[in-house]
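A short worksheet on the structure shown next.
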Amino acid sequence: MHRYSVPEIIEKITAGAPFDAVSEEYSFRLKIEQYVPYVCAAVHDGHQFRKSLWENCMHTAYDRWYEEDPATREMVQSHPIVISGLDSRFEYDLNRFPEEAVFETAWGKQLWRTQLTPEEKEKSLKKHSDFYTVVQALIQKLESLHQKVIVFDMHSYNWKRWDREVPTWNLGTKNIDTGRFGGVVESWRAKLENIDLPYSASTSRINDTFFGNGYFLRCITQNFDNTLVLATEIAKVYCDELTGVVFPEVVRAVEEQLKELIPLQAKEFEEDLC
């Protein structure tokens, strides 16, 4: 793996070169083995937290972990193109609009003992901007090579928060053209429902717990006509969300089955006339 500046990463993407790199600020990682028509993303996988923020943050490392999406990169790590965040969403949230990405309160919690300085906010927002500069270059390159591109936007959620039965998998579709892509969404939902998990059955629903309102999906959808983003949430059945213990056998089971299902869905999408 290499460490590259954003201009260096974009230069490699433009040239169609394979690489595996972290950004100069160590804020995100991008691996490209082949320029295939699909991308796997795990924008909330990161847990890094800038040291200058430690004393001012009111929450523990576990509190941050609880709101992050641990192991979501691991679930898709074997695919040819994987982009993932490395920083905690407590510093800045890659799935929020830039003006909302650094927040004072979130999930009903006050984050900071004292208000962040403009300098601290600027450092975080620069990393948010760098990430999306690279995302734009990546999707633009893929659309130049392929008629259609599909992005698997992987997240997780704390299912024990809910006081009703919730699905293992949720697809958020409120900000995509379901008239055009509804068949693809249903096909992906059905595939997820058939995943075989240790200890529990796999269920999947559309817009049941989350609705696909994230900035990552909306930014790509608004800027690229031929790219579909599937906001895919897995309930944290792969860990104990109350203790922070990850169940590696469940993560592995998801990863192994997604090795087959993601390329299959991408191939179906490529061949569909939508």
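The values are calculated or read from the model by the stated rules, or taken from the named source; none is laboratory data. What you are looking at is a predicted structure, and each value in this text was computed from that prediction instead of being measured. Cβ sites come from the backbone with ideal geometry, for glycine too, and all protein chains shown count toward neighbours.
So here's what we get for this one:
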read-out	value
Among (1) modelled with pLDDT of 95 or more; (2) under 15 Å from TYR157 (Cα atoms) - the single one LEU242 does not satisfy	(1)
Selection status of VAL184, part of a helix (DSSP H, G or I) and touching an Asp or Glu at 6+ places or on another chain (Cβ under 8 Å)	yes
Candidate set from the stretch 143-174 (those that are buried (at least 18 other Cβ atoms within 10 Å of the Cβ) and part of a loop (DSSP other than H, G, I, E, B)); member that is nearest to the chain's Cα centre (by Cα)	THR173
Some residue of the stretch 135-144 being of a type outside the set (Asp, Glu), touching a Leu at 6+ places or on another chain (Cβ under 8 Å) and either closer than 20 Å to GLY212 by Cβ or at pLDDT 95 or above (or both)	yes
Qualifying residue in the stretch 86-97 (condition: within 21 Å of SER52 (Cβ to Cβ), touching a residue at least 40 places away in the same chain (Cβ under 8 Å) and in a strand (DSSP E or B))	yes
Options VAL22, VAL76, VAL43: the member that is in contact with a strand residue (DSSP E or B) (Cβ under 8 Å, 6 or more places away or on another chain) and either more than 23 Å from GLU143 (Cβ to Cβ) or surrounded by fewer than 19 Cβ atoms within 10 Å (Cβ to Cβ) (or both)	VAL22
The stretch 156-184 residues that are without any contact (Cβ under 8 Å) to a residue 60 or more places away in the chain, paired with ones that are polar (S, T, N, Q) and in a helix (DSSP H, G or I) (beta carbon under 9 Å, 6 or more apart)	ASN175/THR221; ASN175/GLN222; ILE176/THR221; ASP177/THR221
Any strands (runs of 3 or more DSSP E) falling wholly within the stretch 17-57 and containing at least 1 residues that are of a type in the set (A, V, I, L, M), in contact (Cβ under 8 Å) with a residue 12 or more places away in the chain and in contact with a Pro (Cβ under 7 Å, 6 or more places away or on another chain)	28-32
Checking GLN115 against (1) assigned to a loop (DSSP other than H, G, I, E, B); (2) touching a residue at least 24 places away in the same chain (Cβ under 8 Å); (3) out of contact with any strand residue (DSSP E or B) (no Cβ under 9 Å at 6 or more places or on another chain), the condition it does not meet	(2)
Residues of the stretch 72-95 that turn out to be farther than 30 Å from ALA253 by Cα and touching a His at 6+ places or on another chain (Cβ under 9 Å), as a count	1
Test: residue in the stretch 52-75 that is more than 16 Å from the chain's Cα centre (by Cα), under 18 Å from HIS155 (Cβ atoms) and of a type in the set (Lys, Arg)	yes
Test: residue in the stretch 102-111 that is touching an Asp or Glu at 6+ places or on another chain (Cβ under 8 Å), in a loop (DSSP other than H, G, I, E, B) and among the β-branched types (Val, Ile, Thr)	yes
Tally, over the stretch 189-247, of residues that are among the β-branched types (Val, Ile, Thr) and not in a loop (DSSP other than H, G, I, E, B)	9
Residue that is surrounded by the most Cβ atoms within 10 Å (Cβ to Cβ), among those in the stretch 205-254 that are more than 18 Å from the chain's Cα centre (by Cα) and of a type in the set (Gly, Ala, Ser)	ALA253
Out of ASP69, ASP130, sole residue that is of a type in the set (D, E, K, R), surrounded by 15 or more Cβ atoms within 10 Å (Cβ to Cβ) and outside any loop (DSSP other than H, G, I, E, B)	ASP130
Selection from the stretch 185-232 of residues that are of a type in the set (A, V, I, L, M) and free of Cβ contacts under 8 Å to residues at least 40 places away in the same chain	ALA190, ALA201, ILE206
Which numbered condition ASN175 misses (of (1) at pLDDT 95 or above; (2) under 27 Å from THR243 (Cβ atoms))	(2)
